[in-house]
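Q: Dumping the structure here so I can ask a few things about it.
What follows draws every value from the coordinates through simple rules; no lab data is involved. Quick caveat: nothing in here was measured; it's all calculated off a predicted structure. Here the Cβ positions follow ideal geometry from the backbone for every residue, glycine too, while neighbour counts run over all protein chains shown.
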Amino acid sequence: MGSIDRYIFRTTLASFALVLISLTGVIWITQALRGIDLMTSQGQTILTFLGITSLVIPALVLIISPIALMIAISHTLNKLATDSEIIVMNAAGFSPIRLFRPFLYATCVVALLVAFIAAYLAPDGMRRLKQWDADITADVLANILQPGRFAQLDQNLTIRIRERQPGGLLSGIFIDDRRDPNERVSIIADHGTVVKNGTGSFLILEDGNLERFEAGKRDPALVAFGRYAFDMSKFSNQGRDVALGIRERYLWELLSPAEADPLYASLSGQFRAELHDRFMAPIYPFAFAALTFAFLGAPRTTRQSRNFSIGGAILAVFGLRMAGFACSVMAVKSPWAPPLQYLMLFAAIGAGVWITIDGVVIEPPPALVEAINKSNARLLRLFGRPATA
């Protein structure tokens, strides 16, 4: 790449990174707020909360990257046009298709990133999220034991906690254990914590009393303890085996699913739709880049408005993406929807490249400009301001 190419390439990628991080951060926060109950009701730490919610970021980046690239290209072209650099490069012999080259390089980088995320990173994050969520919800101590409620974990075993405190501390613990027909054990403890190790899961009770009623004895045995371990291994860490959905499958697993897979047998249409979505994910950056450059890449003077071109680029990209979503939905039931989606993408790329090579300047129709001017004049008269000539 020459110096001009490197300058445009760096500017585009820097803008892309800034827009991608900003949009992903905003959307991630809105998604993360839905999981705030991990800390408030299930006693999980903030590190667990951040770890679980951050696993959705690759899936967000997969959708946002083409849009961020479109915004970055628009910003770079607008910057070049404002500084009259496009006019100077065009006068120096740079054709529009030659100017498109550094943007194409940046698009290739984004397409490679999207392809890697679609094939491996996004499904890997989703399956880790599902496994992590299963580990938490399968843990009875974190899921069933709710403050202020009597939870019957087993026949003749009841546990109640008064509240959960930060760091997973349980306070006001009451246990009524009548599983042994020869005795009944009642435990009251000031507080306790859950400890997991290689031998199992234990509820470590502190500062409490244990009352044991043995069959055939009149008086109970009362013991005050400073620390007591109650075995909870039977009720913790159940259900670790997680059935992977379609979104949690890697690309190669979608390409050749097992014939005996019951999910594939019942949802073959969704497998087809997801597979083609993964294939088309790295094509969208090229389509968005070609359309954006077709609207904004032509040389214009600083007196020529670019508002119509910016609006047209946004509408074209938005329409293409919405049509893609519609085809993805139809692909579940119709095998003809994916070829139609491929046709739309390559038609958009071809149209953008043709407009760029032919040097077509997309301007609003004169009738539309005249109608807008008349409307503005009427509005100015309505508000009592004389219209400028």
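Q: Sort the stretch 73-220 into rounded, prolate or oblate with this rule: let a ≥ b ≥ c be the square roots of the eigenvalues of the Cα gyration tensor; rounded if a/c is under 1.5, and if a/c is not under 1.5, prolate when a/b is larger than b/c, oblate otherwise.
A: prolate
Q: Under a plain spin-label model, where a point goes 7 Å from the Cα along Cα-to-Cβ, how far apart in nm are L255 and T82?
A: 4.5 nm
Q: Same structure, new question: Quote to one decimal, in nm, the extra length available between A265 and V109 on full extension: 0.36 nm per residue of separation minus the C-alpha distance between them.
A: Result: 52.5 nm gained on full extension.
Q: Mind listing which chymotrypsin sites (Phe, Trp or Tyr not before Pro) in the stretch 318-365 are in a DSSP loop and have 14 or fewer other Cβ atoms within 10 Å?
A: Here the chymotrypsin sites (Phe, Trp or Tyr not before Pro) that fit, given the DSSP loop and packing criteria, are W336.
Q: Using 0.36 nm per residue, how much length does the chain from F150 to F225 gain when fully extended, once their Cα-Cα distance is taken away?
A: Stretched fully, the F150-F225 segment lengthens by 24.7 nm.
Q: In terms of the Cα gyration tensor, with a ≥ b ≥ c the square roots of its eigenvalues, is the stretch 261-342 rounded because a/c is under 1.5, prolate because a/b exceeds b/c, or oblate?
A: Cα axes put the stretch 261-342 in the prolate bin.
Q: While we're on this one: Taking a ≥ b ≥ c as the square roots of the eigenvalues of the Cα gyration tensor of the stretch 191-301, is the shape rounded (a/c under 1.5), prolate (a/b larger than b/c) or oblate?
A: Prolate is the answer for the stretch 191-301, as a/c is 1.5 or above and a/b outweighs b/c.
Q: Could you give the distance between the Cα centres of the stretch 168-237 and the stretch 268-339, to the whole Å?
A: Using only Cα atoms to place each centre, the spacing works out to 61 Å.
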